[in-house]
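The values are calculated or read from the model by the stated rules, or taken from the named source; none is laboratory data. This structure is a prediction, so every number in the text was calculated from the model and none was measured. Cβ: placed from backbone, ideal geometry, glycine included. Neighbour counts: every protein chain shown.
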Amino acid sequence: MTELENYIKSYFGVVEINDIKMIVSLFKITTVKKGDFLLKSDKYCDKLSFVQSGFLRMFASTDDKEITQWISTKGYFSTDLASFIFETKSRWTIQALVDSEIFTITKDDYKKIGDLVPQWNELEKLFLVRCFTILEDRIFTHLSMSAEERYNFFFENNKGLFNQVPLQYIASLLGMTAETFSRIRKKQLL
């Protein structure tokens with residue numbers, strides 16, 4: 001089984017193996033080079049990608065800074081969900097931080113899943129609820145933890161990122177300035 005097949009099976013549980021294979025057959029595997037963009041803001045997002053290997057950074061630019069919303073790692077999907085579902089212009093830019101291997105499905109092929117897999121409506125609901133839950137957990141973390149607690153929590157759950165992703169992106173993801181992040185990091189390393 002591919003990583004994507006394993007993910008779908010573990011994520012959704014009771015999906016028939018033939019249905020999993022049908023869904024996965026609609027995804028195309030590609031390599032995205034470091035620095036290449038999967039999506040730029042103000043464009044329409046017509047793809048949903050699954051990270052097989054590498055890191056994809058989702059961010060928005062303001063007049064004075066970039067705000068990292070998410071860093072997709074192996075086993076995570078990456079898309080501008082609002083743009084993908086509602087066909088609106090994207091707020092987010094998605095860029096490969098390293099050479100990355102991804103499975104991608106187009107919007108047109110995504111729409112076909114409902115015709116091919118009878119239980120897709122229920123599975124799609126689970127997918128969207130999972131996305132919402134991850135977002136809800138991030139909001140709770142930001143509202144309930146101090147900057148140092150957010151750093152410690154993120155570090156404990158994502159140690160590998162600290163050696164592979166520019167630290168200013170992690171600082172932004174955690175809602176901190178680079179200076180605050182650096183001060184906390186220095187304190188933790190003592």
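To keep it simple, each residue is scored yes or no on (1) touching a strand residue (DSSP E or B) at 6+ places or on another chain (Cβ under 9 Å); (2) at pLDDT below 95.
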residue: 1; (1), (2): no, yes
residue: 9; (1), (2): no, yes
residue: 17; (1), (2): no, yes
residue: 25; (1), (2): no, no
residue: 28; (1), (2): yes, no
residue: 44; (1), (2): yes, no
residue: 47; (1), (2): yes, no
residue: 71; (1), (2): yes, no
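Number of residues in segment 142-175 that are exposed (fewer than 12 other Cβ atoms within 10 Å of the Cβ) and part of a helix (DSSP H, G or I) equals 7. Counting only residues that are in contact (Cβ under 8 Å) with a residue 24 or more places away in the chain and not in a loop (DSSP other than H, G, I, E, B), segment 77-102 holds 13 of them. Scanning for something on the phi < 0 side of the Ramachandran plot, in contact with a Lys or Arg (Cβ under 8 Å, 6 or more places away or on another chain) and exposed (fewer than 15 other Cβ atoms within 10 Å of the Cβ), does segment 62-72 turn up at least one residue? Among the residues of segment 62-72, not one is on the phi < 0 side of the Ramachandran plot, in contact with a Lys or Arg (Cβ under 8 Å, 6 or more places away or on another chain) and exposed (fewer than 15 other Cβ atoms within 10 Å of the Cβ), which makes the answer no.
Only one of 147, 96 is hydrophobic (A, V, I, L, M, F, W, C) and closer than 28 Å to residue 183 by Cβ. Can you tell me which? Spell out the reasoning first.
Details: 96 fails: closer than 28 Å to residue 183 by Cβ.
When all the criteria are applied, what remains is 147.
Screening the candidates 4, 26 for the property of being touching a residue at least 60 places away in the same chain (Cβ under 8 Å) and more than 17 Å from the chain's Cα centre (by Cα) yields one hit, 26. In segment 114-136, what count of residues is obtained for those that are at pLDDT below 95, among the acidic types (Asp, Glu) and either in contact with a Leu (Cβ under 8 Å, 6 or more places away or on another chain) or loosely packed, with under 15 Cβ neighbours inside 10 Å (or both)? Total meeting the criteria: 2. Among the conditions (1) farther than 21 Å from residue 135 by Cα; (2) buried (at least 19 other Cβ atoms within 10 Å of the Cβ), the only one that residue 37 does not satisfy is (2).
Among the residues making up segment 56-74, those that are over 20 Å from residue 141 (Cβ atoms), touching a residue at least 40 places away in the same chain (Cβ under 8 Å) and either of a type outside the set (Lys, Arg) or assigned to a strand (DSSP E or B) (or both) are 56, 66. Being assigned to a helix (DSSP H, G or I) and either within 25 Å of residue 5 (Cβ to Cβ) or touching a residue at least 12 places away in the same chain (Cβ under 8 Å) (or both) holds for only one residue in 139, 105, 184, and it is 184.
Residues of segment 150-190 that are hydrophobic (A, V, I, L, M, F, W, C), over 18 Å from residue 64 (Cβ atoms) and under 19 Å from the mean Cα position of the chain (by Cα): 153, 154, 155, 161, 162, 165, 167, 170, 174.
Determine which single condition residue 130 fails, assuming it passes every other condition in (1) farther than 22 Å from residue 15 by Cβ; (2) outside any strand (DSSP E or B). Of the numbered conditions (1) farther than 22 Å from residue 15 by Cβ; (2) outside any strand (DSSP E or B), the odd one out for residue 130 is (1).
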